[in-house]
Amino acid sequence: MSHGHSHGDHGHHHHHHHGDGDTTSLPPALDTSVPDEELTPGQLSRRGMLRRTGLLGAGLAAGGVLAGAGEAAASAQQTAQQQASQKSRGGGYLWLAGDHHIHTQYSSDAKYRVIDHVRQANAHGLDWMVITDHGSVAHAKIGVEKVNPDIVEARDQTDDTLVFQGLEWNIPGAEHGTVFVHPGSNEVAVLKEFENSFDGSVKNASGNSPANEALAIAGVNFLADQVRRRKVKDALFLANHPARKGIDSPHEIRGWRDAQPSIAVGMEGAPGHQAGGIPKPNGPGGGRGIYDGSPSADSFPGYPLESYRTWGGFDWMTSTVGGLWDSLLAEGKPWWITANSDSHNVYADTAVRGPGGDFNANGRYEDPVYGTGISLTDTDFWPGQYSRTHVGASSFAYKAVMDGIRAGRVWVDHGGLISGLDARLSYGGREVTLGGALHVRRGAQVDLTIKISLSNGPNWAQFQPTLARVDVIQGDVTGPVTDKDTFATPKTKVVKSFEVNKSTGTVRLTYSLGRLDKPVYVRLRGTDGNRSAVGINGAAVDPVGPAMDVLGDADPWKDLWFYSNPMWVLPA
């Protein structure tokens, strides 16, 4: 379903076909052919931010974000559309920030309207978002249909934010996951059939059993089948807060990915609910991410107790150098990380659920009512307020975002620690960026180049973060594991740390991987340096990694990190 929007609010005549994967359309703030005076205040503010960081107009070319922009002789007169087509040709991308884990009044434990989240996401600089209300009997029966008109209306009202419909899947035998599809005439039908057939809550299939694990695989296969039969243009599945309850066993994660590697593509590297750790009386005084539990009968027995906590706000599977995520990467398996709000009830907001109504009968709560007093016990931030998932997309379109996620062109940050990341591995004039694999001859010298745009102004907590340090993490690719419950790899460690200690401008870092005769991967991590500890696997592996978050005393603004997805080098 392709929406042509006529922008009556600022008299602009271009139509933006967001539903169409192969058109290059841009939101007004990025489109330099739209004069400033035709923009809404929100669009003008976003354009100002992009100008300050050199990401708009001629600055885009001069700043080196465009590969080969010099030869293209980009000028300030070129429209953003021309630049975008050059970018995709030249190997550069539009880096679009988003969030794939958001709840509305159609979830039994949330309260906001779709448009509330879309406006907030837009105001906090997000370009794309996925509405993911909980899979449940009520949602499967009526919620999927009822939320759709709200999403369609939000797409029409907010033409510079891409709004996907998805759901939070109760994965049979495991935790939650985001499932979402490309917008189109069958989006409701496919999601409804998926939820009724494969949701652990709807099917009473939550417990840890081989039958339930098989049902989860069948669900992933169903999504692939819907894409193959062209019912929907695309579909993706990402595991949410994977270590929170210890019930996503390593073999289940490998099983999803191996069944459909183009559908099951990754997991939340950092969960939502980040305000949960703000100490009382100014906050909930719990765990960051609501990671405050302990093992249950359904938990994988091999996971240690420290896996039930966040580390610098990140999930233990991601934050442990040489841990579960690295064990997958060391197999050569693409498996990507994201960071999301999981927004249900926003910290320091004044909204409460509208009075009356019957969720079980109506599949939704009444619209929220504002102005009844600030809540300091809620655990969430608005989409984009704290966590951001940045995706390298070839154009401003739904398909381009999904393709960028699938390709692993993704980095994540908390609290606006940095505003841009361009990382490349290169050899002999060839290069790859995040998610890519560089094929080289044996013994070739490979170089890593990192360009970072530092924070572009105060974040929501009204301070400008300082990037203290950037770590390069490198691991050997050792091939498939025999034990599918492996969650460690001994050949991954921090190989280089760069001291930065700057909060504005850009930083360029280079590191030579040396002459390589075996396959390796590298990934990046950066921090404000406020809290750190020797990593779980010792100082030789991770001398200054994130510290385990303390229950009741983990202010998320005082401990900021960014992480990138990996790049591989494959000598032959």
>> I'm trying to understand the selection: among the residues of the range 111-145, which are within 24 Å of Ala461 (Cα to Cα) and either free of Cβ contacts under 8 Å to residues at least 24 places away in the same chain or small (Gly, Ala, Ser) (or both)?
In response: Ala121, Ala123, Gly125
> Quick one: is Ser262 out of contact with any Gly (no Cβ under 8 Å at 6 or more places or on another chain), modelled with pLDDT of 95 or more, part of a loop (DSSP other than H, G, I, E, B) and more than 26 Å from Ala533 (Cβ to Cβ)?
Replying inline: yes
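State all residues of the range 288-306 that are within 16 Å of Glu252 (Cα to Cα) and out of contact with any Asp or Glu (no Cβ under 8 Å at 6 or more places or on another chain); if no residue qualifies, say none. Give the derivation first.
Initial filter on the range 288-306 (within 16 Å of Glu252 (Cα to Cα)): 298-303.
Hits for the range 288-306 are Asp298, Ser299, Pro301, Tyr303.
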> If you go through the range 243-276 one residue at a time, how many are over 15 Å from Leu328 (Cβ atoms) and of a type outside the set (Val, Ile, Thr)?
Replying inline: 12
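Pick out the one residue from Thr389, Thr377, Thr350 that is assigned to a strand (DSSP E or B), of a type in the set (S, T, N, Q) and not assigned by TED's automatic domain parsing to the domain that holds Tyr563.
Working: Thr377 fails: assigned to a strand (DSSP E or B); Thr350 fails: assigned to a strand (DSSP E or B).
None of the other options fit; the residue is Thr389.
Could you tell me whether the range 283-294 includes any residue that is surrounded by fewer than 20 Cβ atoms within 10 Å (Cβ to Cβ), hydroxyl-bearing (Ser, Thr, Tyr) and free of Cβ contacts under 8 Å to residues at least 24 places away in the same chain?
As a first pass, look at the range 283-294 and keep what is surrounded by fewer than 20 Cβ atoms within 10 Å (Cβ to Cβ): 285, 292-294.
If we keep only those that are hydroxyl-bearing (Ser, Thr, Tyr) too, we end up with 294.
Retained after the next criterion (residues that are free of Cβ contacts under 8 Å to residues at least 24 places away in the same chain): 294.
Scanning the range 283-294, I find at least one residue that is surrounded by fewer than 20 Cβ atoms within 10 Å (Cβ to Cβ), hydroxyl-bearing (Ser, Thr, Tyr) and free of Cβ contacts under 8 Å to residues at least 24 places away in the same chain, so the answer is yes.
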>> For a quick check of your reading of the model, give me the residue pairs whose first member lies in the range 539-558 and is farther than 26 Å from Gln464 by Cα, whose second is among the hydrophobic types (A, V, I, L, M, F, W, C) and in a loop (DSSP other than H, G, I, E, B), with beta-carbon atoms closer than 6 Å and at least 6 apart or on different chains.
In response: Val541/Val321; Asp542/Val321
> Do we find that Thr350 is surrounded by fewer than 24 Cβ atoms within 10 Å (Cβ to Cβ), free of Cβ contacts under 8 Å to residues at least 40 places away in the same chain and out of contact with any helix residue (DSSP H, G or I) (no Cβ under 6 Å at 6 or more places or on another chain) in this structure?
Replying inline: yes
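So, in the range 228-257, exactly how many residues are part of a helix (DSSP H, G or I) and either surrounded by 21 or more Cβ atoms within 10 Å (Cβ to Cβ) or in contact (Cβ under 8 Å) with a residue 60 or more places away in the chain (or both)?
Restricting attention to the range 228-257, the residues satisfying the condition of being part of a helix (DSSP H, G or I) are 228, 250-257.
Subset that is either surrounded by 21 or more Cβ atoms within 10 Å (Cβ to Cβ) or in contact (Cβ under 8 Å) with a residue 60 or more places away in the chain (or both): 250-257.
The number of residues fulfilling the criteria is 8.
Tally time: how many residues in the range 474-495 are without any contact (Cβ under 8 Å) to a residue 60 or more places away in the chain and surrounded by 17 or more Cβ atoms within 10 Å (Cβ to Cβ)? Outline the logic, then answer.
Pass one, the range 474-495, residues without any contact (Cβ under 8 Å) to a residue 60 or more places away in the chain: 474, 482-483, 495.
Narrowing further to those that are surrounded by 17 or more Cβ atoms within 10 Å (Cβ to Cβ): 474.
Selection size over the range 474-495: 1.
Taking the stated definitions as given, is Thr372 modelled with pLDDT of 95 or more, over 30 Å from Gly479 (Cβ atoms), among the hydroxyl-bearing types (Ser, Thr, Tyr) and part of a loop (DSSP other than H, G, I, E, B)? Working first, answer last.
Details: modelled with pLDDT of 95 or more: no; over 30 Å from Gly479 (Cβ atoms): yes; among the hydroxyl-bearing types (Ser, Thr, Tyr): yes; part of a loop (DSSP other than H, G, I, E, B): yes.
Considered against the rule, which asks whether it is modelled with pLDDT of 95 or more, over 30 Å from Gly479 (Cβ atoms), among the hydroxyl-bearing types (Ser, Thr, Tyr) and part of a loop (DSSP other than H, G, I, E, B), Thr372 comes out as no.
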> What single numbered condition from (1) of a type in the set (Asp, Glu); (2) part of a helix (DSSP H, G or I); (3) under 23 Å from Tyr106 (Cα atoms) fails to hold for Asp225?
Replying inline: (3)
> Is there a residue being assigned to a helix (DSSP H, G or I), surrounded by 24 or more Cβ atoms within 10 Å (Cβ to Cβ) and not β-branched (Val, Ile, Thr) anywhere in the range 165-175?
Replying inline: no
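From the list Arg155, Arg113, which residue is surrounded by fewer than 22 Cβ atoms within 10 Å (Cβ to Cβ) and at pLDDT 95 or above? Break it down into steps so the answer makes sense when it comes.
Numbers: Arg155 fails: surrounded by fewer than 22 Cβ atoms within 10 Å (Cβ to Cβ).
After ruling out the rest, the residue left standing is Arg113.
Assess whether Ser453 counts as being of a type in the set (Ser, Thr, Tyr), surrounded by fewer than 21 Cβ atoms within 10 Å (Cβ to Cβ) and under 25 Å from Gly285 (Cβ atoms).
Details: of a type in the set (Ser, Thr, Tyr): yes; surrounded by fewer than 21 Cβ atoms within 10 Å (Cβ to Cβ): yes; under 25 Å from Gly285 (Cβ atoms): no.
Here the answer is no, as Ser453 does not meet what is asked.
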> So Thr510 fits all but one of (1) over 25 Å from Ile405 (Cβ atoms); (2) β-branched (Val, Ile, Thr); (3) surrounded by 14 or more Cβ atoms within 10 Å (Cβ to Cβ); what number is the exception?
Replying inline: (3)
> Identify, please: which residue in the range 119-152 is out of contact with any His (no Cβ under 7 Å at 6 or more places or on another chain) and among the polar types (S, T, N, Q) and is, among those, surrounded by the fewest Cβ atoms within 10 Å (Cβ to Cβ)?
Replying inline: Asn148
> From the residues in the range 190-209 that are in contact (Cβ under 8 Å) with a residue 12 or more places away in the chain and loosely packed, with under 15 Cβ neighbours inside 10 Å, which one is farthest from Ile151 (Cα to Cα)?
Replying inline: Ser209
>> Being touching a strand residue (DSSP E or B) at 6+ places or on another chain (Cβ under 7 Å) and of a type in the set (S, T, N, Q) is the filter here; which residues of the range 513-572 pass it?
In response: Thr527, Ser532, Ser564, Asn565
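The values are calculated or read from the model by the stated rules, or taken from the named source; none is laboratory data. Here the structure is a predicted model, which is why all the values come from computation and not from measurement. We place every Cβ from the backbone using ideal geometry, glycine too, and count neighbours over all the protein chains shown.
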